[in-house]
Amino acid sequence: MVGDSFSTFDPDRETDGVLSDIHSSRIALVLKHWLSLRKGSRLPASVDIDPSAIKSALPHVMITGISYDPFRVLYRLVGTEIVRWARFDFTNRYADELIFQDDGRDWSDYYRAVVEARRPAFGVTDWAEPDGPPYWAEFLICPLSDNGETINRCVAVEDYKIMNVLEVEAREPVTERKREQAPSDESRTRQALSTEDKRDAGSNADPVLG
C-alpha cells in the first residue's frame with residue numbers, strides 16, 4: 001500500500017467538494033444518481049436505484065447486503081470490470097472471507113463506517129505490485145435502506161487508473177480467507193437490488209436484511 005484516503009461526508013454540505021475531488025466520471029454519475037433519490041434525510045431504497053440511469057458505470061458497480069449481529073458485508077453483485085481487475089468473481093461472498101491484494105484489509109470496515117455515519121463515503125487507494133508499477137482506485141459507497149431506518153444494502157462503485165503500463169492479467173488474484181471460485185449488467189443489477197433476497201443462505205450463513 002502506497003497511501004490511501006477514505007472518509008464519509010455530509011451529502012447536504014460537502015458534496016460539491018467531494019465531486020471536485022472525484023476524477024472518475026462513473027463515480028460522479030453514481031453519486032449524483034444517489035443524491036437525486038434522497039428525500040430529505042431519508043436514504044434511498046434499493047428499488048429506487050435505476051440501473052438504466054447509471055448504465056455506463058454498471059461494469060464498475062457493486063451491490064452489497066448488510067447483515068448484523070455480527071456485522072457482515074455480502075457482495076450480492078460484482079460488476080464485470082471489477083471482476084476483471086480482481087481476476088475472481090466474488091459475487092455472493094462475504095467481505096471478511098476475501099483477501100485483496102492492496103494490503104489484505106477487511107473491507108467490512110469501510111462499510112461499517114458508512115453504516116454508522118448513515119452517510120456516503122469516498123476514498124482513494126493506491127498501491128504497487130511487487131514487480132510492477134503502481135496504480136490507484138477511486139471508490140464510493142452509498143447506503144440504502146428499504147424501510148427508511150435500517151441500512152440493509154449499499155451501492156458501491158470503483159474505478160481504476162494505471163500509473164504506468166501494467167497488464168491486468170499479470171496481477172495477483174483475490175484469494176479467499178476460508179475457501180476457494182450471462183445476464184446483462186443492467187438485469188444483474190436489477191436482480192441484486194430486488195428487495196426479495198433469493199439467495200439460499202444455508203444453515204451457517206448470516207441472514208441478510210431486506
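The values are calculated or read from the model by the stated rules, or taken from the named source; none is laboratory data. Keep in mind the model is a prediction, meaning the values are calculated, not measured. Methodologically, a virtual Cβ is constructed for each residue, glycine included, from the backbone with ideal geometry; neighbour enumeration extends over all protein chains shown.
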| request: Report yes if some residue within the stretch 64-82 is under 16 Å from residue 160 (Cβ atoms) and part of a loop (DSSP other than H, G, I, E, B); otherwise report no. | output: yes
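Would you confirm whether any residue within the stretch 42-56 is β-branched (Val, Ile, Thr), at negative phi and surrounded by fewer than 18 Cβ atoms within 10 Å (Cβ to Cβ)? Step through it out loud before you land on a result.
Going through the stretch 42-56, the residues β-branched (Val, Ile, Thr) turn out to be 47, 49, 54.
With the extra rule that they be at negative phi, the set shrinks to 47, 49, 54.
Now drop any that are not surrounded by fewer than 18 Cβ atoms within 10 Å (Cβ to Cβ), which leaves 47.
Among the residues of the stretch 42-56, at least one is β-branched (Val, Ile, Thr), at negative phi and surrounded by fewer than 18 Cβ atoms within 10 Å (Cβ to Cβ), which makes the answer yes.
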| task | Quick one: residue 175 ticks every box in (1) within 13 Å of the chain's Cα centre (by Cα); (2) modelled with pLDDT under 90 except a single one, so which number is it? | result | (1)
| said: Against the definition (at pLDDT 95 or above, of a type in the set (Ser, Thr, Tyr) and either exposed (fewer than 15 other Cβ atoms within 10 Å of the Cβ) or not in a strand (DSSP E or B) (or both)), how does residue 5 come out, yes or no? | reply: no
| said: Out of the residues in the stretch 29-47 meeting the condition of being touching a strand residue (DSSP E or B) at 6+ places or on another chain (Cβ under 8 Å) and part of a helix (DSSP H, G or I), tell me which one is nearest to residue 193 (Cα to Cα). | reply: 46
